Every structure is written in structure tokens, then in C-alpha cells.
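The values are calculated or read from the model by the stated rules, or taken from the named source; none is laboratory data. If you're wondering where the values come from, they're calculated on a predicted model, not measured in any experiment. Backbone-built Cβ (ideal geometry, glycine too); neighbour counts: all protein chains shown. Surface accessibility is based on the protein's heavy atoms, side chains included, excluding ligands, DNA and RNA. Shrake-Rupley method; radii C 1.70, N 1.55, O 1.52, S 1.80 Å.
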Amino acid sequence: MHNQLMIEKYKAKRFIIMYLAAAVLAAAGFFLGLLKLPEYMDTAKVFSLSVCDTSFMFLISLVAAWFAGNDFQNRTIHNEIKVGYSRFSVFMARTITAVIMAELLHLTYVFATVLGFAVKYRFDSSIFSMRHFGWLLVVMMQICANICIVMFIVFALKKVTSGIAVTVVFSFVSCNILRNFISKSVFRLTCFSLAQTSDNRTLVLSAVFAAVIIVISLTATHFVFRKAEIK
């Protein structure tokens, strides 16, 4: 799988859609921090508002789906299987790369928001704490769970256009619309609503749920993809 990961890394570095998405997220975060957030906040509060913000999960999911789905369209996956790579390594290499891309995009949004606030008001060291570091790790785990679901959708449909369409709708509904209408605490612990607070109960339960979703999604993807006809 090492060679495949190196290839995916090479492709990711040249994937223009990721850079466009990063620019959008950086601009959105910067101007949110610069123009929308009030002066009385400290840096820790700005971080807490942005780290759990799922407003752009649909865009992050789109990038992941486009990146993986392209390889069905250009027959890269067909060729890899033909030369002897296992189907497990085929989807895992792309899942790992897509997860890393998604994490970087979310971090871009978070730190651009903090930067925008700091430019207009101030920057203080309240952001640097083990509590915030643990919170960020759990959120990154939840994003990983979301991308694993995205990979399941893409590898089940095996088409870039339908994969992107279904993924965007799924992410927009689960991470944006449902967040505004479901107030139950159970939903707040799912990977569709990134951990809203940094208390121990929320972080532990959110991490456990994310881990379960990751395992289920990867297992389902392997089960669906291993017998799929690849043209």
C-alpha cells in the first residue's frame, strides 16, 4: 500500500479542487473572524466557535468525493486492480488521503477564523491548552468518520458525478439542516454535529461514536467494493 499512498499523495498535491476549496474556506473563516465576531471574545472562544462549525462540511465532502470518484472515471482503479493491487488497498489508500485532505481543509477554516479575529482585535494564549488540543483531536476523528461515509458512497456508486451529488446532499442534510432542527443531545454527539463543547463526557462519547462509524463505514465499503464490477 505504500506505493499507492505515495501516488495518492502526488495526485493530492496536484488536485486543483482542493486548493480552490482551501481558498474558499480561508476567505470565509478570515472574514468571519474579521467582520462578524464581537470584540469581547477571546481567542479561545473564537476557536470554540469555529472548531465545531459544520457549515462547510458539504464542501469538504465534495472535495473528498471528487478526488476519489475521478479514479473511476479515468479507469485508474480498474488498472490498479488489473495489475494486482488488492481492492482493500485501493480504497484504503484513497480513504487515508481523502481524510488528510479533509482535516487540512477544516484546520484551514479554523485558523483562518482565529487569524481574522486577531488581525482586527487581538491574539492571546488562551487557545493553547490541553483541553482545546483534545477537543481538536476528537473533531478530527469525527471528520474522519464523515469522510469514511463519503468513501462508502463513492465506492458504492462508482461514478464521480453521482458520487459527488449524493455526497453533497447527504453532508448538507446531515451536517447543516439536521443540526438546525434536531436539538436532542444524542445527535449532538454524532459525527454529523462536531463536538459542541470540550467537557469530558461530550468528547469521550463523541470519540466513541466516531470510532464506531469509522469501523462500520470501512467494513461496509470493503464488503460492497470487493465484489463490485469495475469497468
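Here are some notes:
- Positions within segment 47-89 being aliphatic (A, V, I, L, M) and within 25 Å of residue 25 (Cα to Cα), in sequence order: 49, 51, 57, 59, 60, 62, 63, 64, 65, 68
Okay, residues lined up against (1) in contact with a strand residue (DSSP E or B) (Cβ under 7 Å, 6 or more places away or on another chain); (2) closer than 21 Å to residue 66 by Cβ; (3) free of Cβ contacts under 8 Å to residues at least 60 places away in the same chain:
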position	(1), (2), (3)
5	no, yes, no
12	no, yes, no
19	no, yes, yes
25	no, yes, no
31	no, no, no
38	no, no, yes
41	no, no, no
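- Whenever a residue of segment 136-165 is in contact (Cβ under 8 Å) with a residue 12 or more places away in the chain, its partners that are among the small types (Gly, Ala, Ser) and not in a helix (DSSP H, G or I), lying with C-beta atoms within less than 6 angstrom and at least six residues away or across chains, give the pairs 138/195; 139/195.
- When 123, 133 are checked against the criterion of being outside any helix (DSSP H, G or I) and either surrounded by fewer than 19 Cβ atoms within 10 Å (Cβ to Cβ) or touching a strand residue (DSSP E or B) at 6+ places or on another chain (Cβ under 9 Å) (or both), 123 stands alone in meeting it.
- Number of positions in segment 172-212 that are assigned to a helix (DSSP H, G or I) and open to solvent by 30 Å² or more (accessible area, probe 1.4 Å): 18
- With respect to the conditions (1) open to solvent by less than 30 Å² (accessible area, probe 1.4 Å); (2) of a type in the set (A, V, I, L, M); (3) more than 19 Å from residue 57 (Cβ to Cβ), residue 154 lacks only one, and its number is (3).
- Test set (1) open to solvent by 10 Å² or more (accessible area, probe 1.4 Å); (2) at pLDDT 90 or above; (3) farther than 28 Å from residue 16 by Cβ - residue 111 fails condition number: (3)
- Considering segment 27-86, and only residues there that are assigned to a loop (DSSP other than H, G, I, E, B) and acidic (Asp, Glu), the residue that is modelled with the lowest pLDDT turns out to be 39.
- So residue 173, is it within 22 Å of residue 56 (Cα to Cα) and either free of Cβ contacts under 8 Å to residues at least 12 places away in the same chain or touching a Pro at 6+ places or on another chain (Cβ under 8 Å) (or both): yes
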